[in-house]
Amino acid sequence: MKILFLSVGKPKQPETIALFEDYSTRIRRCGVDVEAKWVKETTMEREADDLLDAIPSRSRIIALDRTGTLMDSRGLASKIEGWTTPRGVFVIGGPLGLHPSFLTAADQLWSLSPLTFPHDLARAMVSEQVYRALTLVRRIPYHK
């Protein structure tokens, strides 16, 4: 299992960067290879191209979008291994979201919530939810 967290715009908030790093470390302790990248914030069309260029071959693309599937932690846990084998790329868009062409290229659309979150916070939340799903699958005490 491999995971790439890919986002538009360089993370800026020290608190959310620290949260993201904490959960990335926890995911690594579960035996999962974790990497994080970001692409420059420009136009949505250019971001879509840059994101696609940053995704390694043989990856499953999971795009975070408000139109995606809402699920609870157990629902995510039931999907996490399939999404991350051989590699899952969780993609968080810029302030305007992800371009429709990128959403069409994605294998899955996942919605954290109907609410809108700051991108740095969304990145930390995605890493926490991925960690939570792994703990459920591997029966590691955490989720209670």
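A few points about this structure:
- Comparing G75, G88, G97 in a Gaussian network model of the chain where C-alpha atoms under 10 Å apart are linked, the largest mean-square fluctuation is found at G75.
- Using bins of 10 Å that start at zero, the share of Cα-Cα pairs per bin across region 58-121 amounts to 21, 54, 25, 0, in whole %.
- Degrees between helix 73-84 axis and first principal axis of the chain (Cα, 0 to 90, nearest 10): 70
- Accessible solvent surface per residue of the chain, calculated while the other protein chains remain in place, 1.4 angstrom probe, Å²: 53
- A Förster radius of 30 Å combined with the Cβ-Cβ distance from A105 to R139 puts the calculated FRET efficiency at roughly 0.30.
- Judged by the gyration tensor of its Cα atoms, with axes a ≥ b ≥ c, region 26-80 is oblate; a/c meets the 1.5 cut and b/c is at least as large as a/b.
- Linear extension gain, A18 paired with E35, 0.36 nm per residue minus alpha-carbon span: 4.6 nm
- 222 nm mean residue ellipticity, helices alone, for the chain (DSSP H n ≥ 4; -39,500 (n - 2.57); rounded to 500): -14000 deg cm²/dmol
- Size of charge dipole - the chain - debye, nearest 20, with Cβ of Lys, Arg +1 and Asp, Glu -1, no other charges: 640
- Dipole of the chain, positive direction: furthest Cα of T135, A48, G88, with charges on the beta-carbon: T135
- The accessible-area ordering, largest first, of the residues L51, L64 stands as L64, L51, per a 1.4 angstrom probe.
- Rh (Kirkwood; distinct C-alpha pairs) - the chain, Å: 15.0
- A full extension of the chain between K10 and L115 corresponds to an added length of 35.6 nm, given 0.36 nm per residue minus the alpha carbon distance.
- Considering only region 46-130, percent of DSSP beta bridges that pair antiparallel, nearest 5: 10
The values are calculated or read from the model by the stated rules, or taken from the named source; none is laboratory data. Please read all numbers here as calculations on a predicted model, not as lab measurements. Every residue, glycine as well, gets a Cβ built from its backbone with ideal geometry; the counts of neighbours run over all protein chains shown. Just the protein is used for accessible areas: all its heavy atoms, side chains included, with ligands, DNA and RNA removed. Shrake-Rupley method; radii C 1.70, N 1.55, O 1.52, S 1.80 Å.
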